[in-house]
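First comes the structure, then the notes that go with it.
The values are calculated or read from the model by the stated rules, or taken from the named source; none is laboratory data. Everything numeric in this text was worked out from a predicted model, so none of it was measured. So basically every Cβ, Gly included, is an ideal-geometry build from the backbone, and we count neighbours across all protein chains shown. Calculation scope for accessible area: heavy atoms of the full protein, side chains included, ligands and nucleic acids excluded. Shrake-Rupley method; radii C 1.70, N 1.55, O 1.52, S 1.80 Å.
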Amino acid sequence: MRLRLHHIFFLHLAAIATFLFLAFLPASYYLIRQSELSSMRKSIEEKIILVERTMQDARPWEIARALRESGDLRVTLIDENGTVIIETHSDVEKMENHLNRPEVMEAATSPFGSAVRWSAEQQRDYLYVCRRIDTAIQGYLRVAKDLVLVDETIKRFWLTGAMLFGVAILLSLWATYHISRRVRLQVEELENYLGQLQAKNFRAPLKVGFAQEFVSIARKMLLLSRRLAKQEKTKTLYIARLKQKNRQITDIIDAISHEFKNPVAAIMGYCETLLSDKKIDEKIMSRFLEKIYLNSRTISEMIDRLSLSLKLENHTIELKTSAFEIEPLVQEVCSMLQQKY
């Protein structure tokens, strides 16, 4: 079953909107999370630099506690051998060597090292930012912040964005429905007009104006309508001329039939008299034969005139006029009329 144009248009837009919505879910989450992590990483790096400047005068534990209280940060101080000296959230005696941590390994060769990973001890994701320090304590200062708040913020932002996106999709579908409805009405208008043309109603109105394409189609259809109307008028005139010619031919045949009856009747009458009377006088016989000859010549001349008239009708002969004696023609006409009257 083939769908109508507005159905196809609506279904395709709905499919595209659904695809965009499904693609929006992971893409938006990833982009927002990366933006939040980048902003958080930059903030932690700035705090680490400030801490590094004050570590010459303050005790490391006091600095760690201040960092923790200022932003609910997890602070770890690691010596050059990877041994954890200070940890604000865990017992340092139970912690493993940290030289193999990604952020520590990166900080050994770069100004800062960072990593996002799951903490088995705290049972949550952390953003770790580490920097190598060269103060009273030689080693690494690592500051971490859990991503619970970040995930909640992203979730709220994503839900808001998803709702706005959903509303936009619904509005788009609503607009698409109305557009497809107007397209359907325009198509139906064109179909109805074609039906009117098929019924030879060339004066039927055609109202379109939704889009330039429909206006162009309507203009061409109106031109076609005018051409068809002109052809129909020419066809009607041609048929009328054919009917007139058929009537003329019928009249000519009737006239010829009537004209042929007189000489044929005369010939038949003279022939019957000659055949029935074997002892007819020679003078009368000669006169009868002369009448038969004249009537036969009349028939022959009528056939010649008919052929000539057909040629003139079909424009296959050129008319040539000439002077002639009218008296013999009048006498011939009088002779023919004498036979009948």
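Against the test of being buried (at least 17 other Cβ atoms within 10 Å of the Cβ), at pLDDT 85 or above and either under 58 Å from the mean Cα position of the chain (by Cα) or β-branched (Val, Ile, Thr) (or both), the options VAL183, VAL129 yield a single qualifying residue, VAL129.
Please go through the stretch 79-110 and give me each residue that is exposed (fewer than 12 other Cβ atoms within 10 Å of the Cβ) and either touching an Asp or Glu at 6+ places or on another chain (Cβ under 6 Å) or closer than 18 Å to ILE137 by Cβ (or both), ordered by number. Once the filter is applied, which keeps residues that are exposed (fewer than 12 other Cβ atoms within 10 Å of the Cβ) and either touching an Asp or Glu at 6+ places or on another chain (Cβ under 6 Å) or closer than 18 Å to ILE137 by Cβ (or both), the stretch 79-110 yields only ASN81.
Residue by residue, here is whether (1) open to solvent by 80 Å² or more (accessible area, probe 1.4 Å); (2) closer than 24 Å to GLU52 by Cβ; (3) within 53 Å of the chain's Cα centre (by Cα) holds:
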{"site": "GLY113", "(1), (2), (3)": "no, yes, no"}
{"site": "ILE137", "(1), (2), (3)": "no, yes, no"}
{"site": "PHE157", "(1), (2), (3)": "yes, no, yes"}
{"site": "MET163", "(1), (2), (3)": "yes, no, yes"}
{"site": "GLU189", "(1), (2), (3)": "no, no, yes"}
{"site": "LEU197", "(1), (2), (3)": "no, no, yes"}
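ALA17 passes every criterion in (1) open to solvent by 60 Å² or more (accessible area, probe 1.4 Å); (2) modelled with pLDDT of 70 or more apart from (1). So for the stretch 61-77 (the condition being of a type in the set (S, T, N, Q), on the phi < 0 side of the Ramachandran plot, surrounded by fewer than 12 Cβ atoms within 10 Å (Cβ to Cβ) and at pLDDT 75 or above), does at least one residue qualify? No, the conditions are met nowhere in the stretch 61-77.
Identify all residues within the stretch 269-281 that are assigned to a helix (DSSP H, G or I) and either touching a helix residue (DSSP H, G or I) at 6+ places or on another chain (Cβ under 7 Å) or farther than 16 Å from MET336 by Cβ (or both); write none if there are none. So that I can check it myself, show each step before the final result.
To start, the set of residues in the stretch 269-281 that are assigned to a helix (DSSP H, G or I) comprises 269-276.
Listed by number, the residues that qualify are TYR270, CYS271, GLU272, THR273, LEU274, LEU275, SER276.
Within the stretch 282-330, being in a loop (DSSP other than H, G, I, E, B) and either more than 22 Å from ASP251 (Cβ to Cβ) or acidic (Asp, Glu) (or both) holds for GLU318, LYS320, THR321, SER322, ALA323, PHE324, GLU325, ILE326. State whether one or more residues within the stretch 258-268 are exposed (fewer than 14 other Cβ atoms within 10 Å of the Cβ) and either in contact (Cβ under 8 Å) with a residue 12 or more places away in the chain or outside any helix (DSSP H, G or I) (or both). Within the stretch 258-268, none of the residues are exposed (fewer than 14 other Cβ atoms within 10 Å of the Cβ) and either in contact (Cβ under 8 Å) with a residue 12 or more places away in the chain or outside any helix (DSSP H, G or I) (or both). Within the stretch 299-341, the residues that satisfy the criterion of being touching a residue at least 60 places away in the same chain (Cβ under 8 Å) and surrounded by 10 or more Cβ atoms within 10 Å (Cβ to Cβ) are MET336, GLN339.
Checked against the criteria, ILE239 does not count as of a type in the set (A, V, I, L, M, F, W, C) and surrounded by 11 or more Cβ atoms within 10 Å (Cβ to Cβ).
Here is a list: LYS235, LYS243, LYS230, LYS220. Which entry is at pLDDT 85 or above, closer than 22 Å to VAL187 by Cβ and either assigned to a helix (DSSP H, G or I) or of a type in the set (Ser, Thr, Tyr) (or both)?
Details: LYS235 fails: closer than 22 Å to VAL187 by Cβ; LYS243 fails: closer than 22 Å to VAL187 by Cβ; LYS230 fails: closer than 22 Å to VAL187 by Cβ.
Selected residue: LYS220, the only one of LYS235, LYS243, LYS230, LYS220 that is at pLDDT 85 or above, closer than 22 Å to VAL187 by Cβ and either assigned to a helix (DSSP H, G or I) or of a type in the set (Ser, Thr, Tyr) (or both).
Is there a residue in the stretch 145-154 that is modelled with pLDDT of 80 or more, under 15 Å from THR76 (Cα atoms) and open to solvent by less than 90 Å² (accessible area, probe 1.4 Å)? Within the stretch 145-154, one or more residues are modelled with pLDDT of 80 or more, under 15 Å from THR76 (Cα atoms) and open to solvent by less than 90 Å² (accessible area, probe 1.4 Å). Taken together, the residues in the stretch 132-144 that are at pLDDT 80 or above and either of a type in the set (Asp, Glu) or more than 18 Å from MET95 (Cα to Cα) (or both) amount to 2. Quick check: anything in the stretch 229-238 more than 30 Å from GLU313 (Cα to Cα) and of a type in the set (S, T, N, Q)? No - not one qualifying residue is present in the stretch 229-238.
Among the criteria (1) farther than 30 Å from ALA115 by Cα; (2) surrounded by 12 or more Cβ atoms within 10 Å (Cβ to Cβ); (3) out of contact with any Ser or Thr (no Cβ under 7 Å at 6 or more places or on another chain), the one PHE202 does not fulfil is (3).
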